[in-house]
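Before any comments, here is the structure.
The values are calculated or read from the model by the stated rules, or taken from the named source; none is laboratory data. The structure displayed is predicted, hence computed values, not measured ones. Because the Cβ atoms are built from the backbone with ideal geometry, glycine has one as well, and the counts that use them run over all protein chains shown.
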Amino acid sequence: MKNRIQFGSWEATALMVNLVFAHVMLIFPRDMVKFGGSASWMIPIIITLIALGYFATVLKLYKNIGSLDLIDISARIGGRTLKVIVGLMITVFLILTVSIFLGGFSQTLKIISLDKSPIEYVEALFFIGMIAAAYYGIEVVARINSFLVPVVIIGFILITIGVIPAFNINNLFPILGEGYASIAKGSISMLSAFASFIILFLMVPFFKKKYLKRVGFSYIIVSGLLLVWATLSFILVFPYEVAVDKKIPIYQMARHIEFGNYVQRIESIFVFICSICVLLFLCVVFTFVIYVFTKTFDLKKSRPLILPMAIIVFSLALLSKRTNIELLSNNSLTLIWLTGMILPLLLIIIGAAKKVGLKDKGDIKNRQKH
Amino acid sequence: MGLLNSIGKYIIYKEKNEKKSFVLKENTDINCEIAQNVSSLDVFDKEKLEGSFIGCPVNDDILKNNISSDIELNKKIMMTTYDMPKNSDLVYREFNITVKDKTLKAFMVFIDGMTDRTVISNNILQPLMLLSNLEIKEEVKDIGEFIFNRLLPFNQIKVVKDYKEVVSNINFGGCVVFVEGIDYAFMADTKSWDHRGINAPKSETVIRGPQEAFNEQIRANTALLRKILKDKDLMIQNVSIGKRSNTPCAVMYIKDIANDSLVREVLKRVKSIKVDYIFDSGELEQLLEDNTFLAAPQILATERSDKVALMLSQGNVAVALDGSPFVLVMPATITEFLHTTEDTNIRYPYVNFIRIIRMVGIAIALLLPGLYIAITNYHQEMIPTNLLFAIEASRENVPFPSVIEILIMEFSFELIREAGIRVPGAIGATIGIVGGLILGQAAVTANLVSPIMIIVVAITALGSFAVPSFSMSFSIRIMRFVYILLGAVAGFLGIALGLVLNSMLLASSKSFGVPFLTPFGPVTNGKYADKLTRKPTWKQEKRPDYLNTKDIKSQPKVSRGWTVKDSNEEDED
């Protein structure tokens, strides 16, 4: 399949950062607090370091892979059969992600803003965005991420700056919170925030391979900083005992903003930036669902797939509507999210061992010379 | 008698003369090919067809033929082509030329009103009729060459060999001279007609900067650009558009800056247009643009010569059309529609200040009514309590929901704007009074709208006036209505959805191969210093990266030589 999609490292980084940042908009800070208590801010640092280590390892292995994505790697390793298996696994994983997050986000917005509207109505609005994104394709979605994600992040930072007067340093004590074991458990469990790695390795052919290092590291560092800052500001505002009960942490933080008579209760700004962030998240993941499925089965056209896939996602989101928000913090399910890191790692290790990116003799010779 | 007649009219009925009414008949389909050759053919209705030949247009194939040395044939073709003498502004003048005791028949054709009569009389007719009678000392080998070299003392004269070129030149103010025995004609560029002078721009006014706008004359426009750029590499390629009108059009670019493929694409698109007539660059814009249904414009139309010159110097391509005071520049990305030429002329701190104001104005023009609806319907908690009471009190007696209220107001405002443009100048002030009184005072007094809504619409209107581009302003006005509806159906989520969809729509569109949202989406590399804000003039070292220009550098790293310490100065120290 000839690839004509191309975008730069900025677009790719912005897109990837938003995939992690969307977790912050939902329940990530609260889950951190659940695991780490007053030491919850350590968990994002640890998971960022793990993610950095993971990516550094993968990057080394990628030298033997070239600019191939996960589907191409699986095709080179095990032929069409493995390609279809891996392609379907990724599709299912992404469909699961997009449908659970669609339900979760819709429920969040219903709680905080559209309380009189039925959940289906809220989901339908996201549904429109997802369909449009899949129609325009990955390139366009990446482009809009490049300028909308910075807006979202600035909005989030402004919210957190707004609650600085409510910070209480005592909330950070005891320093180690619930202890080493709890922090370690939380670090493994919350590594799911970086499940979006799978999308990074699907995007490699879209930007030049030399940018993989730049994109990967900047994505992990920026996302890590955002995770740390979100968790830190959350735990600084709410004491541990209160924080674990807050369902939508950033929204709850935004409610605390109060500067005089005229700047208060601006939590609706959260609704605005959260909606943009969520729409971008769903657009990206759903566009990749269509892309992966099309590529797996070497389909010439992807547009006929959009509506059926969207209906599947919509139905799945509705099926789990009662448990959506809780589903996102379900421990056993969090481990499933790790597929996003484990599956690429396995494929890349095998691919690197088989030197799938250097299939052409000329390439191998060139590498030997160097 | 008169009195009797008048009384008689009331007593005796007299049938009125029936008024002959005109009926627009369908054209009878004449086979012009048969009609033209009817004398040699044996066909039915021969007599009728012979008469109808005069109504047949001269076939293009005939005009493609080379000029004949038979002056009678040339005369016949010119007469038929222009349907002379029925065509009143066509001037046909026969005369004789004497060359070495030999008298040759000649005639000239030109259009009265488009040509300079004095020039034709003094520089063409007079020499041909009088100079030819002087004694000729040298031997005349070629009569045509002799006439060209000795008898036509006119600076812009050329030889044309086919009728098509003759006709297109006559249509554009040329004067053609046919001479017996010569199989070509002499074409003098005698065009001269009344036209508007170079005035100050009307739709793109600036305080700091040149005050010259284009006019309807293509040559004056190209000359303006030459005058500003003074660059030998400025290319002005002529193309004519319109099968019938042959309207002159100039494709302009700087050959060692503009991307070759871009120039080729523009030329290809311009040359490929097949219409009978073209009247304005607005029509041309619609024929050249990539996406017809996108709300945002994709080609910049400007009446400012300095703006076109600036964009040409960056590597863009411009297209000027005769008869239009607006020149098209392509490719155009979002930044071009948000900047003015004044931005380059005013100082660095001022330009960035004014650009921030402009961006805020544009955001207000696009989103304020939608945000107002979203906040008042879904996110009331955002409004400070005192303000909320004030809004509530002002809306107490208004019977409509706020969305209907704002739609009424926005529609009324658009109506006033449209009427303000169409209304004759003399009664233009009335629009302000009617609009201001009805919308402002009466509507509030009648409790049709709330005062807060008037403020929202007024601020929105001010914001929309800050949009520098006329076309872009249209786009924002249309999108504003969409945001109002989205704000009404889902609050901030609706607005966010609108922003994402709108961004996708714009990000997917291209202007001559350049994505419309460049340099923001995709983000381009390079150090192009004039994006949302502008860097100091001395830091604008590179041309826009997305234009893939041949020469990316517009100035060296150190453009202010005086900032570098001079070696002579060092010695002096």
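Considering only residues of the range B:501-515 that are within 18 Å of B:Val266 (Cβ to Cβ) and surrounded by 19 or more Cβ atoms within 10 Å (Cβ to Cβ), which is farthest from the other protein chains (Cβ to nearest Cβ)?
This residue is B:Phe512.
Restricting to helices (runs of 4 or more DSSP H) lying wholly in the range A:302-341: which have 1 or more residues that are at pLDDT 90 or above and more than 16 Å from A:Tyr135 (Cα to Cα)?
It comes to A:303-319.
Among the residues of the range B:516-549, which ones are touching a residue at least 60 places away in the same chain (Cβ under 8 Å), touching a Gly at 6+ places or on another chain (Cβ under 7 Å) and either within 11 Å of another protein chain (Cβ to nearest Cβ) or not in a loop (DSSP other than H, G, I, E, B) (or both)?
B:Leu547
On the given criteria, is B:Ala496 touching a helix residue (DSSP H, G or I) at 6+ places or on another chain (Cβ under 8 Å), touching a residue at least 60 places away in the same chain (Cβ under 8 Å) and either within 14 Å of another protein chain (Cβ to nearest Cβ) or over 30 Å from B:Val327 (Cβ atoms) (or both)?
Judged against the criteria, B:Ala496 is not a match.
Matching residues to (1) in contact with a Gly (Cβ under 7 Å, 6 or more places away or on another chain); (2) small (Gly, Ala, Ser); (3) loosely packed, with under 12 Cβ neighbours inside 10 Å; (4) at pLDDT 85 or above:
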position	(1), (2), (3), (4)
B:Ile120	no, no, no, yes
B:Gln126	no, no, no, yes
B:Ser132	no, yes, no, no
B:Glu135	no, no, yes, no
B:Glu139	no, no, yes, no
B:Glu145	no, no, no, yes
B:Lys158	no, no, no, yes
B:Lys161	no, no, no, yes
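Can you tell me which residues in the range A:11-47 are hydroxyl-bearing (Ser, Thr, Tyr) and surrounded by 24 or more Cβ atoms within 10 Å (Cβ to Cβ)?
Hits for the range A:11-47 are A:Thr13, A:Ser40.
With respect to A:Gly103, determine if the residue is more than 18 Å from the chain's Cα centre (by Cα), surrounded by 21 or more Cβ atoms within 10 Å (Cβ to Cβ), touching a residue at least 24 places away in the same chain (Cβ under 8 Å) and more than 12 Å from every other protein chain (Cβ to nearest Cβ).
no
Within the group A:Ile154, A:Ile95, which residue is among the β-branched types (Val, Ile, Thr), without any contact (Cβ under 8 Å) to a residue 60 or more places away in the chain, more than 10 Å from every other protein chain (Cβ to nearest Cβ) and assigned to a helix (DSSP H, G or I)?
Result of the check over A:Ile154, A:Ile95: A:Ile154.
Tell me, yes or no, whether the range A:265-283 has at least one residue that is closer than 21 Å to A:Ala14 by Cα, away from every other protein chain (no Cβ under 14 Å) and crowded, with 24+ Cβ neighbours inside 10 Å.
Checked the range A:265-283: no residue is closer than 21 Å to A:Ala14 by Cα, away from every other protein chain (no Cβ under 14 Å) and crowded, with 24+ Cβ neighbours inside 10 Å.
Taking into account only those residues within the range A:1-22 that are more than 14 Å from every other protein chain (Cβ to nearest Cβ) and at pLDDT below 90, which is nearest to A:Phe147 (Cα to Cα)?
The selected residue is A:Asn3.
Kindly establish whether B:Leu462 is within 14 Å of chain A (Cβ to nearest Cβ), of a type in the set (A, V, I, L, M) and out of contact with any Gly (no Cβ under 6 Å at 6 or more places or on another chain).
Here the answer is no, as B:Leu462 does not meet what is asked.
Please state which of the following conditions A:Leu88 fails to meet, knowing it meets all the rest: (1) more than 19 Å from A:Lys209 (Cβ to Cβ); (2) in contact (Cβ under 8 Å) with a residue 60 or more places away in the chain; (3) buried (at least 16 other Cβ atoms within 10 Å of the Cβ).
Unmet condition: (3).
When A:Phe217 is evaluated against the numbered criteria (1) more than 17 Å from the chain's Cα centre (by Cα); (2) more than 14 Å from every other protein chain (Cβ to nearest Cβ), which criterion, by number, is the only one it fails?
The number of the failed condition is (1).
With respect to A:Leu299, determine if the residue is assigned to a loop (DSSP other than H, G, I, E, B), at negative phi and away from every other protein chain (no Cβ under 14 Å).
In short, yes.
Scan the range B:205-248 for residues that are closer than 15 Å to B:Val319 by Cβ, out of contact with any helix residue (DSSP H, G or I) (no Cβ under 6 Å at 6 or more places or on another chain) and buried (at least 19 other Cβ atoms within 10 Å of the Cβ) and jot them down.
B:Ile218, B:Asn221, B:Thr222, B:Leu234, B:Ile241, B:Thr247
I'd like the residue in the range A:240-251 that is part of a helix (DSSP H, G or I) and away from every other protein chain (no Cβ under 14 Å) and, out of all such residues, is nearest to B:Glu381 (Cα to Cα).
Among residues in the range A:240-251 that are part of a helix (DSSP H, G or I) and away from every other protein chain (no Cβ under 14 Å), the one nearest to B:Glu381 (Cα to Cα) is A:Ile250.
Go through (1) of a type in the set (Gly, Ala, Ser); (2) over 38 Å from the mean Cα position of the chain (by Cα); (3) more than 14 Å from every other protein chain (Cβ to nearest Cβ) and name the single condition B:Ala332 misses.
Failing condition for B:Ala332: (2).
Restrict the check to the range B:87-99 and report whether at least one residue is part of a loop (DSSP other than H, G, I, E, B) and at pLDDT below 70.
No: zero hits.
Could you tell me whether the range B:510-522 includes any residue that is under 30 Å from A:Glu120 (Cα atoms) and modelled with pLDDT of 90 or more?
no
With a cut-off of at least 1 residues that are in contact with a Pro (Cβ under 8 Å, 6 or more places away or on another chain), name the helices (runs of 4 or more DSSP H) lying wholly within the range B:314-398.
Of the helices (runs of 4 or more DSSP H) lying wholly inside the range B:314-398, those with at least 1 residues that are in contact with a Pro (Cβ under 8 Å, 6 or more places away or on another chain) span B:334-338, B:348-377, B:385-395.
Do you know which residues across the range A:123-140 are on the phi < 0 side of the Ramachandran plot and more than 7 Å from every other protein chain (Cβ to nearest Cβ)?
Across the range A:123-140, the qualifying residues are A:Glu123, A:Ala124, A:Phe126, A:Phe127, A:Met130, A:Ile131, A:Ala134, A:Tyr135, A:Ile138, A:Glu139.
Of the conditions (1) in contact with a helix residue (DSSP H, G or I) (Cβ under 7 Å, 6 or more places away or on another chain); (2) of a type outside the set (A, V, I, L, M); (3) in a helix (DSSP H, G or I); (4) away from chain A (no Cβ under 13 Å), B:Ser559 clears all except one; give me its number.
The number of the failed condition is (3).
Out of the residues in the range A:253-264 that are within 14 Å of chain B (Cβ to nearest Cβ) and under 30 Å from A:Gly177 (Cα atoms), which is surrounded by the most Cβ atoms within 10 Å (Cβ to Cβ)?
Ranking the qualifying residues of the range A:253-264, first place goes to A:Ala254.
Need pairs with beta-carbon distance below 6 Å; first residue touching a residue at least 12 places away in the same chain (Cβ under 8 Å) and within the range B:176-192, second surrounded by 19 or more Cβ atoms within 10 Å (Cβ to Cβ) and assigned to a loop (DSSP other than H, G, I, E, B); sequence gap 6+ or separate chains.
B:Asp183/B:Ile67; B:Tyr184/B:Ile67; B:Ala185/B:Ile67
Can you name the condition, by its number, that B:Ala296 falls short on among (1) more than 21 Å from the chain's Cα centre (by Cα); (2) crowded, with 17+ Cβ neighbours inside 10 Å; (3) modelled with pLDDT under 90?
Just one mismatch for B:Ala296, condition (1).
Could you check how many residues of the range B:147-156 are out of contact with any strand residue (DSSP E or B) (no Cβ under 8 Å at 6 or more places or on another chain) and buried (at least 16 other Cβ atoms within 10 Å of the Cβ)?
The qualifying residues number 1.
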